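Visitor: Following this message is one structure expressed as structure tokens.
Please treat every number below as a calculation from the coordinates, not as lab data. Treat the numbers as computed from the prediction; the structure is a model and nothing was measured. No Cβ is skipped: glycine too gets one built from the backbone with ideal geometry, and neighbour counts run over all protein chains shown.
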Amino acid sequence: MILLPGKSSKNKVWIEKIETSFKTHYPLTFTLDYSHWETENGDLNFELELEKLKNLAKEKDEIVIFAKSAGAILAMKAIFDKDIKPTACIFAGTAVGWAQATQENFDSWLQDYSVPTLFIQKTSDPAIAAEDLNELLTDSNAQNYKLLEIPGDNHDYEDINLLVNSSLEFMNKLNL
């Protein structure tokens, strides 16, 4: 399992808690720590982190991606470019608004997206509301996904038990 946090450094502790919760089911986990966290300056260097993700995934047969926010966007780009081929993905708080503002041709990354994916999105997440995400995925002809809408109007996904249990249920249905 590869874990990709959101871009803010406050996600470091959060992703470590997620990783610990998954360890009993997935003892082999890898977390991508973003370079800009070391300096607390600047923004996520998308190309640098994309390269780190490709290297992290290299020579691994079966990959499950768990990602939040910008981490989900990073995974989508790597999948679109065929740099990684995950067996399944779980995306919490997918940062579509940020991606559309910063990544040229983001919407094309979703065209015919077919990796089995669980999207966990809050009803009124400012990055994209669950209903709007569902509409975007439908319009993009995405396949093999499930959208789990949870209540909320912020971009914080603090209920680790809900995230992990929903992810495990999704992966169990895929026999992973």
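Visitor: Once the other residues with Cβ under 10 Å from the Cβ of Thr31 are scored (Lys, Arg +1; Asp, Glu -1), what is the net sum?
Guide: So the surrounding residues net to -2.
Visitor: Roughly how many nanometres apart are two label points built 7 Å out from the Cα toward the Cβ at Lys60 and Asp112?
Guide: 2.7
Visitor: A further question on this structure: Output the relative contact order of the chain, whole-number percent, from Cα pairs under 8 angstrom with separation of 6+ residues.
Guide: 18
Visitor: Let me ask something additional. What is the distance in Å between the Cα centres of the stretch 79-129 and the stretch 1-42?
Guide: Between the Cα centre of the stretch 79-129 and that of the stretch 1-42, the gap is 18 Å.
Visitor: Sticking with this one: Rounded to a whole number, what is D in µm²/s for the chain from Stokes-Einstein with the Kirkwood radius over alpha-carbon pairs (20 °C, 1.002 mPa s)?
Guide: So the translational diffusion coefficient is about 134 µm²/s.
Visitor: Another question, then. Give the dimensionless ratio obtained when the Cα radius of gyration of the stretch 72-176 is divided by 2.2 N^0.38 Å.
Guide: Against the empirical 2.2 N^0.38 Å value, I get 1.01 for the stretch 72-176.
Visitor: Are there any trypsin sites (Lys or Arg not before Pro) in the stretch 72-174 that are in a DSSP loop and have at most 16 other Cβ atoms within 10 Å? List them by number.
Guide: Answer in residue order: Lys82.
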